[in-house]
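Below is one structure, written out as structure tokens; the observations come after it.
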Amino acid sequence: MPRRLPRILILGATAPPSPGLKALETAGRYLFEYLPDPPRVSAAGPAADAVLLPLPPEKASALEGLGWIETFKDRAPVVVLSAVADMNLYLSAMTAGAFDFLTQATAGEELTRVLDNAVRWRWRRAA
């Protein structure tokens, strides 16, 4: 019996999605669920194998968005996808408990590798 498709929860507004994310979605490698309004998530929240947190380009909004790492990190690994490469933002995300931090310019292959690692980590933890 083949394994199910990994379920990736994408938080916040992601329109238009990055080219790498678009390619992953059309490849059918993952089952993506978009959650445009994270505050409406209940304490149990939707089950996901990994969480993708795209951050807006404005630094103040991006720092505010990092607060969602704390909410989701105990349920699934959180991969941050930033619109800008910023060392302070990276350090803040990793300190908050992010599984990994990528920029939107990251190639699709690297995004796939990181999501696969996050899903494997989650599945091992759940076993």
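Values for this structure:
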item: Filtered residue count, segment 91-127, keeping only those that are more than 16 Å from L52 (Cβ to Cβ) and among the aromatic types (F, W, Y); result: 1
item: Filter pass, V114 being modelled with pLDDT of 90 or more, surrounded by 13 or more Cβ atoms within 10 Å (Cβ to Cβ), out of contact with any helix residue (DSSP H, G or I) (no Cβ under 7 Å at 6 or more places or on another chain) and closer than 21 Å to L21 by Cβ; result: yes
item: Of all residues making up segment 76-102, the number that are surrounded by fewer than 17 Cβ atoms within 10 Å (Cβ to Cβ) and in contact (Cβ under 8 Å) with a residue 12 or more places away in the chain; result: 4
item: Selection count where residues are in a helix (DSSP H, G or I) and either touching a helix residue (DSSP H, G or I) at 6+ places or on another chain (Cβ under 6 Å) or modelled with pLDDT under 65 (or both), scope segment 1-29; result: 2
item: Check on A50, under 21 Å from K22 (Cβ atoms), in contact with an Asp or Glu (Cβ under 8 Å, 6 or more places away or on another chain) and among the small types (G, A, S); result: no
item: Every residue from segment 58-78 that is assigned to a loop (DSSP other than H, G, I, E, B) and under 13 Å from the mean Cα position of the chain (by Cα); result: L66, K73, R75, A76, P77
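The values are calculated or read from the model by the stated rules, or taken from the named source; none is laboratory data. Here the structure is a predicted model, which is why all the values come from computation and not from measurement. FYI the Cβ positions are ideal-geometry reconstructions off the backbone, even for glycines, and counts take in every protein chain you see.
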